[in-house]
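Report on the structure given below.
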Amino acid sequence: MDMLLMGLCFGVAGIVFVAFAFGAAMRSESWNSAVQPELPLVKAAAPARFFSDRVAAPRTVPPAPPWPVPIEVLLLQIENHVRLEQAAAESFLAFPTQALLHSKTASPFVN
Amino acid sequence: MTHELLKGLSSAEAEQVLGLGTKLIVPSRTKLFRLGDSADRLFLIERGRIRLTLPMQVRGREEDVFVEERSPGQAVGWSALIPPYRFTLTATASLLEAEVIALPREALGEYFADHPAVGYKIALNLAVVIGHRLQLFQTMWLREMQRTVEVRSA
């Protein structure tokens, strides 16, 4: 009878121990899931390109200016064009022919 | 100096007309008149050069674009004699200062009323100046149109 009671006590104690251990394990899991540690941002690795890697390297050439010539130069070109056109028109008025009416000038605007 | 508007006048008549005006010094790169201003004076150039310009949009900015340059003996501002008496160009002294004789429209009108023969000669000279400008720019316009047509039909 004593042996039976002792076994029963050990059994109950074992069940209680296992229950506590299980409860503690569940609490630590729920804490872990509530507070997520911040993961460092990792850039997605570029897909390997093998031979094309060299082509994809960033260019070091400075960007081209928005306009090919400064505005002062452009205004001078316009003035030069007007002067040449006036001279051509004067030639036509002095001696009106169809050839002189449409004669070419050296203006960069028309060449 | 013979001014283009005073051709055919006797020296006495020319002196009388010039006596109606006042001499003005226009410093280098200074505007004599602006597009849209009331045109109450006509200018005869005595010295230096006057650039005539029109505003144009160049790369999003308004710029005065060269149209014509007038030299001593020539006149600028004949809008003063033609309704609605508003300047249709902007006039600026070139790199060197210019000297002009400013002739008020009212004084000219009164003088012409008293001296119609002089007024007639000046009106004929003005017709030559305006006619030449018209022919010149008509030709330039046609040349530009020709190029536009060539580009469009290419």
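The values are calculated or read from the model by the stated rules, or taken from the named source; none is laboratory data. A quick note: this is a predicted structure, and the numbers were derived from the prediction, not measured. Counting neighbours? That spans all protein chains shown, and the Cβs are built from the backbone with ideal geometry, glycine included.
Hey, can you tell me all the residues within region B:44-87 that are surrounded by 15 or more Cβ atoms within 10 Å (Cβ to Cβ), of a type in the set (Val, Ile, Thr) and closer than 24 Å to A:His81 by Cβ? Passing the criteria: B:Ile50, B:Thr53, B:Val65, B:Val67, B:Val76. Sub-9 Å Cβ pairs linking a first residue in region B:105-117 that is over 16 Å from B:Leu5 (Cβ atoms) to a second residue that is surrounded by 12 or more Cβ atoms within 10 Å (Cβ to Cβ), at least 6 apart or interchain, are B:Glu106/B:Asp40; B:Glu110/B:Leu20; B:Ala113/B:Gly119, ordered by first then second residue. Taking (1) away from chain A (no Cβ under 14 Å); (2) over 16 Å from B:Val26 (Cβ atoms) in turn, B:Val65 satisfies each apart from (1).
Take B:Ile122 and tell me if it is modelled with pLDDT of 95 or more and touching a strand residue (DSSP E or B) at 6+ places or on another chain (Cβ under 6 Å). In short, no. Might you let me know whether region B:50-62 holds any residue that is basic (Lys, Arg), touching a residue at least 40 places away in the same chain (Cβ under 8 Å) and touching a Pro at 6+ places or on another chain (Cβ under 9 Å)? No, there is no match, as no residue in region B:50-62 is basic (Lys, Arg), touching a residue at least 40 places away in the same chain (Cβ under 8 Å) and touching a Pro at 6+ places or on another chain (Cβ under 9 Å).
Would a scan of region B:122-129 turn up a residue that is at the interface with chain A (Cβ under 10 Å from one of its Cβ atoms), surrounded by fewer than 14 Cβ atoms within 10 Å (Cβ to Cβ) and either under 19 Å from A:Ala88 (Cα atoms) or within 15 Å of the chain's Cα centre (by Cα) (or both)? No: zero hits. The residue list B:Leu108, B:Leu142, B:Leu134, B:Leu95 contains one member that is out of contact with any helix residue (DSSP H, G or I) (no Cβ under 6 Å at 6 or more places or on another chain) and more than 14 Å from chain A (Cβ to nearest Cβ), which is B:Leu108.
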